[in-house]
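Only the coordinates and a few stated rules stand behind these numbers; no lab work does. Since the structure is predicted, the reported quantities are computational estimates derived from the model, not experimental observations. Here Cβ is always computed from backbone atoms with ideal geometry, including for glycine, and neighbour counts include all displayed protein chains.
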Amino acid sequence: MMTKTLQLKKLHAEADRLHKQFGSKRLLAVHGAGCVNQPQAMFIFINPTGKNISAYPAWKGMRAQWLGTKQIWKLFYQLGFLSRDTFAKTQALKPHEWTPAFCISLYAELAKHKIYITNFAKSTQQTARPMKKQILQRHLESLLAEVYLISPKTIVTFGNETSSLLLQKPISVSSYTGKRKETLLIKNKRFPVYPAYYPVGQGMRNLPKAIKRIKVIL
């Protein structure tokens, strides 16, 4: 599967513009990827960091979320969206050992399961230091355009901040259990939104909770 079938390039110009304004000058924007035509689920995280190998100008492959990292792929493997072999590679390979070809095959596998992964902001930060709320807010319009074009059947937002920013109201993910959801209206389309625990970094301890909720939803 070619990169062009895994990403909507029409969304990249605006994301790149926002990155130039708000991202690290040493890095590039990182874009959403996966099934780009009405996926079963769109998973929205917060923003990329310098741990993503595709954020560096020297990288020759697709620029997509979480490339060169390990933790997040535990979530997608336990949800059944990755093969044992692919998952093993994400855990065994050192960041510099990830290749453009492997990254495409990884996202192609997710696409076959009708999964799309993106971040609220595509502006890459050098570290995991939180972005200011007012800066994240500047990325909302771009994300809404992405959601509308991708048109997912289900949206899962990870963490209080991501969920609150998208829905434009205070959200505490601990209040959302079972199939409790919110509805996001964009133009003439309604999208079900399921806030879930953030499963990476300091939120790694909440990985089982995130998996349990997503299994109920999907």
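Of note:
This table checks each residue for (1) out of contact with any strand residue (DSSP E or B) (no Cβ under 6 Å at 6 or more places or on another chain); (2) over 28 Å from Lys70 (Cβ atoms); (3) not basic (Lys, Arg).
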{"site": "Gly159", "(1), (2), (3)": "yes, no, yes"}
{"site": "Lys179", "(1), (2), (3)": "yes, yes, no"}
{"site": "Thr183", "(1), (2), (3)": "no, yes, yes"}
{"site": "Gln202", "(1), (2), (3)": "yes, no, yes"}
{"site": "Asn206", "(1), (2), (3)": "yes, no, yes"}
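- Scanning the range 8-27 for residues that are part of a helix (DSSP H, G or I) and surrounded by 15 or more Cβ atoms within 10 Å (Cβ to Cβ) returns Leu11, His12, Glu14, Ala15, Asp16, Leu18, His19, Phe22.
- If you check Lys212, Lys187, Lys169, Lys179 for being basic (Lys, Arg) and under 21 Å from Lys74 (Cβ atoms), only one passes: Lys212.
- Filtering the range 79-94 to residues that are assigned to a loop (DSSP other than H, G, I, E, B) and out of contact with any Asp or Glu (no Cβ under 8 Å at 6 or more places or on another chain) leaves Leu79, Gly80, Leu93, Lys94.
- When the range 64-99 is limited to residues that are closer than 17 Å to Phe45 by Cα and β-branched (Val, Ile, Thr), the one that is surrounded by the most Cβ atoms within 10 Å (Cβ to Cβ) turns out to be Ile72.
- Scanning the range 44-63 for residues that are within 22 Å of Ile155 (Cβ to Cβ) and not in a loop (DSSP other than H, G, I, E, B) returns Ile44, Phe45.
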